[in-house]
Every structure is written in C-alpha cells, then in structure tokens.
Amino acid sequence: MAEQIALEVTRFSPERDKVPSIQAFDVPLRKEWVVLDALNYVKDRVDGSLSFRWSCRMGVCGSCGMMVNGEPKLTCATFLTDYAPGPVRVEPLKNFPVMRDLIVEITDFLGKLSKVKPWIIRTKEKPLSEGEYLQTPDELDTYRQFSMCINCLLCYAACPVYGLDPLFSGPAALALAQRYNMDSRD
C-alpha cells in the first residue's frame with residue numbers, strides 16, 4: 001500500500017474568489033483513516049485556513065457530509081483506502097450555496113424542515129398525573145424507518161428535484177413529516 005494519497009479539495013473564499021478552485025494535498029494513507037482524518041491532517045499540519053464542518057466523528061451528527069469523488073458521503077465513515085491509489089476529490093455538498101471551502105449554507109433546508117413541523121402536535125394534552133403517552137412496539141415500528149434521519153443533507157445533494165425546484169421541501173423534511181404523521185402520539 002502506498003504511503004500517501006492525493007486529496008483534491010475545493011477551496012473558495014468569498015472575499016477573494018469569484019469561483020471555487022481545487023487545491024491538492026498529499027496526506028498519509030493509513031488503513032484506519034477516513035476522509036475526515038485527511039481533512040483534519042491538512043487543517044492541522046498543512047493549511048489552517050481550510051474550512052469544513054464536523055462534530056462527532058461517529059456518523060451520528062451528520063455535519064461532515066461532503067461530496068467524495070462525486071458522491072454524497074459522511075466523511076467520518078468514508079475510508080481513504082477505498083479510493084487508493086487516489087486521488088480523492090472532496091467538494092461541498094451539491095445543491096447548496098457554498099459559504100467557504102467545504103461549508104455550505106443550510107438555511108433553506110432549516111426553513112423547509114420547520115415548515116413541516118417535525119414535532120408532536122396533540123389536539124389535547126392529558127394531565128401529568130395520567131402518566132406518559134405510551135406506544136406499543138407495533139406503533140413504533142410504523143414510523144421507525146422515518147425517524148432515523150440525522151439531517152446530514154446527503155439526500156439533498158443526491159436529489160435532482162431539490163436542485164431544480166426551489167419549492168420542493170426535500171427528502172429529509174418529507175421523511176420527518178411522515179415520521180410524525182404516523183406517530184400514534186401525534
């Protein structure tokens with residue numbers, strides 16, 4: 001296995017650039033490294049100005065979603081060795097305005113998400129003294145598949161309709177709307 005792999009990263013600074021460009025970095029190719037490790041290597045050791053989002057590094061928060069070789073991926077779960085000998089191209093998610101480097105503006109998504117009211121809305125609240133709103137396992141199974149979304153926005157980057165129709169709420173917002181529509185406590 002090679003000792004290094006080329007990481008081609010989109011660079012964009014709105015203060016100085018009219019259009020994004022690609023900058024290449026050689027990073028260590030380690031068996032256990034994911035694309036996020038390579039990005040952090042660049043930021044920590046080569047170019048501290050590289051901008052990208054990440055938080056949990058465990059595929060839970062969804063903030064490290066980016067395009068990797070043209071496909072929407074969580075960079076914390078995408079191994080560099082899968083792309084050897086390289087290069088690995090890392091770009092911001094498609095269908096969103098780019099704020100800087102690999103960071104996209106998600107205000108449109110957040111607005112559309114809040115419009116579907118992804119929370120429980122009851123017609124009548126029962127008194128606390130009556131206890132919890134319980135569900136059977138079957139009632140939970142009815143909507144469980146729609147509740148697994150981590151809002152990583154990968155589905156928005158892959159969705160051609162979201163990219164073409166500004167009125168379309170998008171797949172994650174619709175999935176969360178369905179989740180609450182099917183919840184027996186709603």
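Only the coordinates and a few stated rules stand behind these numbers; no lab work does. Values in this document were obtained by computation on a predicted structure and should not be read as measured data. With ideal geometry, Cβ positions are generated from the backbone for all residues, glycine too; neighbour counts draw on all protein chains shown.
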Per-q log10 I(q)/I(0), the range 4-104, q = 0.11, 0.16, 0.22 Å⁻¹ (Debye; single scatterer per alpha-carbon; no solvent): -0.28, -0.61, -1.19
Report, as a whole number in µm² per second, the diffusion coefficient that Stokes-Einstein gives for the chain at 4 °C and 1.567 mPa s using the Kirkwood radius over alpha carbon pairs. 70
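May I ask you to compute the full-extension gain from GLN23 to ASP108, defined as 0.36 nm times their residue separation minus their alpha-carbon distance, rounded to one decimal in nm?
27.8 nm
Give the calculated FRET efficiency between CYS56 and GLU130 to the nearest 0.05, with a Förster radius of 41 Å applied to their Cβ-Cβ distance.
0.65
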Can I get the semi-axes of the range 106-182's equivalent ellipsoid? Compute them from the C-alpha gyration tensor as square roots of 5 times the eigenvalues, in angstrom, largest first. 30, 14, 9
Restricting attention to the range 65-173, which GluC sites (Glu not before Pro) occupy a DSSP loop and are surrounded by at most 13 other Cβ atoms within 10 Å? GLU105, GLU125, GLU132
Please report how far the C-alpha centroid of the range 1-26 lies from that of the range 127-186, rounded to the nearest whole angstrom. 36
Under a 10 Å cutoff between Cα atoms, tell me which one of ALA24, ALA175, ALA38 has the largest fluctuation in the Gaussian network model of the chain. ALA24
Between VAL34 and residues 5 or more places away or on another chain, which pairs have amide H atoms under 5 Å apart, with H built 1.01 Å from N, and which residues are they? LEU80
The range 4-104, relative contact order [Cα under 8 Å, separation at least 6], %: 35
